[in-house]
Amino acid sequence: MTIRVMLVDDQVLLRTGFRMVLAAQPDMEVVAEAGDGVEAIQVLRTTAVDVVLMDVRMPKLDGVEATRRICAEPDAPKVLILTTFDLDEYAFSGLKAGASGFMLKDVPPGELLAAIRAVHSGDAVVAPSTTRRLLDRFAPMLPSAGKEPRQQELDRLTDREREVMVLVAQGLSNGEIASRLVLSEATVKTHVGRILTKLGLRDRVQVVVLAYETGLVRAGGGHL
């Protein structure tokens, strides 16, 4: 299966570089490009895309708002936020907006390709521990609106699912969670799947975001 990729960045040179890397892959094809968020949304109305590589700072409509609008649509493509170290707060906002993960613009080609494949298959694009470090830094700066209603969503979880959610948000892999709780890795994977379904989340990254928003996990690694 060919992964259909869209590049959204106002810098033509960067898009060219990404396109060259992706074009060399037998399982990927760049099917669309856009120079800003408005153009990206317009193109997606007529072009089938699996994964969007989304820049943050662009004219007309930034990547965070474009991600929010794209992910709100049914059968939306997966979105990877592209950022630099000094724009990590925008990556956090992008995750809250529905992105499946974030990457640095200077990521090695191999990691970029692996991330695209991972997101396309439904996995998170970054290790939960990496996401946690980002959230530890910026969660206090970006308080969530409507915290109480979001906390009520957690009531849908069983005690075990809540326990698994805490460990996911603390950056543990399925294997590490299985070892910690003395469960099989398949059982942990089932619990994670049920958490995603019950809470209406797309992937593990959004599990981490919700855990921080509700206070289930606190910046610094503590939890309720």
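For region 3-126, how big is the tail of P(r) above 18 Å, as a whole percent of Cα pairs? The partial results should precede the final answer.
Values: 3338 of 7626 pairs.
The proportion of pairs with Cα distances above 18 Å equals 44 percent.
Based only on other Cβ atoms within 10 Å, what is the fewest-to-most ordering of HIS120, HIS191? Each step should come with its number before you reach the end.
Numbers: HIS120 20, HIS191 25.
So the residues, fewest neighbours to most, are HIS120, HIS191.
Taking only Cα atoms of region 159-215, what ratio of Rg to Rh do you get with Rh as the Kirkwood inverse-distance radius?
Values: Rg = 10.3 Å, Rh = 11.0 Å.
Rg divided by Rh gives 0.93.
Order of 170-183, 61-74, 204-217 by packing, highest average Cβ count within 10 Å first? Provide the component values of the computation, followed by the final result.
Numbers: 170-183: 16.4, 61-74: 18.9, 204-217: 23.0.
Per-residue mean Cβ counts within 10 Å order the peptides as 204-217, 61-74, 170-183.
Taking neighbour counts of Cβ atoms within 10 Å as a proxy for exposure, in what order, fewest first, do PHE102, PHE18 appear? Please list the in-between numbers first.
Values: PHE102 26, PHE18 20.
Ordered by Cβ neighbours within 10 Å, fewest first: PHE18, PHE102.
Provide the per-residue ³J(HN,Hα) series for region 73-84, in order, calculated from phi with Karplus coefficients 6.51, -1.76, 1.60 and θ = phi - 60°, each as a whole number of Hz, with x at glycine and proline positions.
Residue by residue, region 73-84 yields 7, x, 6, 5, x, 6, 10, 10, 7, 9, 9, 10 Hz.
Only the coordinates and a few stated rules stand behind these numbers; no lab work does. From a predicted model like this one, the values you see are computed outputs, not experimental measurements. Neighbour counts are summed over all protein chains in view; Cβ atoms, including those assigned to glycine, are modelled from backbone coordinates with ideal geometry.
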